[in-house]
Amino acid sequence: RGIIPIMDFVKVVGSLVIPYTYYWYLWLFLGENVIKAFKLYLKGAYFVSIVGLLVFVDSIFHFGIYEAINSVLRISRHPAEFGIRISGTLGEPTYFASTIAPAACFSIYNMFFSDSPIREKLREHDFITGRIPTIVILSASLLTYSTIALAGMFLSVIFVLMMKRQFKTLLASLSAVLLLASIAMTNAEVNNRITGLLDLSSSMDDGIIKPDAHGSSVVLYNHAVITWENLKRNPLFGSGFATHPVATTEYSIFKGTTYDVFSDMNAQDASSMLLRIASELGLFGIAMVALFLTRGFVVLRCTDPTLTILKLISSAFLVAIILNLLRQGNFILHGFPFFVFGYHFARKQFNSTKKS
């Protein structure tokens, strides 16, 4: 429609098609075997969690671990109220939290909810099931001090609750939710982000932005407004793929204000995949996302250990997809297509295993 130059459109589409094609063939190479693929992913998540915790410890006691690791792997350090916010090799704590979220989901189930038949089947499939790996992954996730990590754990508990459907599980889930809420309200890094959106929303209603508003909250709020304005004008199919930067130029609420530096920040990805889809693809895009998530969701109750494991893996992939929909808008960042295809193949393998 001429909103963006044709070569810019081709570039963006190409950068999307090539990675998804790669991950599609990767899954074909793995035989569409979700259990095998998730085991490999889990080992990788365990490794990067160890690296993250070592760097965290070094930030407190200064053993020289960070320098040694950074000479081989590029590691970013983000200061926190206590130690650092773990980001692993991914640059940002939020990205690290969303990427290991499926491993955290598996760890929550393995530590608190799995029974003997499930543990035996996990060992039979050579999964990492020990207490130490579980604690390492969960600790690394929590020490990102990220609301995304807490949201991922909350979703994981909900999905596990749906799987178990037991009163004891309900009590444990409520306790976990209260624990996560307490962490969120007492930790400065997390609490700043939660209150930041609320404060910003109220201050915008008054026409005055608080000078200490949190940067990421400012940017996310801006893109929520931009998406809404763009969606109102292009409700059915959005303004077109890769056009959110144009919408940002037109509808940013911070242009010409003291927050002008944030006016076009994250214009490419809208700070949220869901916001970007709504802006660029409209109600059609939202419907396609909803259809994909609902069609792939495993809802059947079963007692077979292998089917239960497949349900757990499906839920773990779903957690990663939801977190990315909420908080980052890049369709390929940090292996996101792996989770998308994994969610699809988990349902497919569940159905084929159930029939056999």
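Between residue 287 and residue 126, the modelled label-to-label distance comes to 4.6 nm, taking each label 7 Å out from Cα in the direction of the beta carbon. Taking the alpha carbon gyration tensor of region 5-75, multiplying each eigenvalue by 5 and rooting it gives semi-axes of 35, 22, 8 Å, largest first. Say the cut-off is 28 Å between C-alpha atoms; which of 11/348; 11/36; 11/43; 232/348; 232/255 go over it? Among 11/348; 11/36; 11/43; 232/348; 232/255, the Cα-Cα distance tops 28 Å for 11/348; 11/36; 11/43; 232/348.
For region 83-142, what ratio Rg/Rh do Cα atoms give with a Kirkwood hydrodynamic radius? Radius of gyration over Kirkwood radius for region 83-142 works out to 1.05. Derived from the Cα gyration tensor, the three semi-axes of the equivalent ellipsoid of region 117-165 are 23, 17, 6 Å, largest first.
Please give the direction-averaged projected area of the C-alpha convex hull for region 248-337, in square nanometres with one decimal.
Details: hull surface 29.8 nm².
Average of the hull's projected areas for region 248-337 equals 7.5 nm².
Can you tell me the mean projection area, over all orientations, of the convex hull of region 1-134's alpha carbons? Units nm², please.
On the way: hull surface 50.9 nm².
It is 12.7 nm².
Amide H contacts under 5 Å for residue 78: 85, restricted to partners 5 or more places along the chain or on a different chain, H placed in the peptide plane at 1.01 Å from N.
Any read-out appearing in this document is the output of simple, stated calculations on the displayed coordinates, not a laboratory observation. This is a predicted model, so every value here is computed, not measured. Ideal geometry is used to build each Cβ from the backbone, glycine not excepted, and the neighbour counts take in all protein chains shown.
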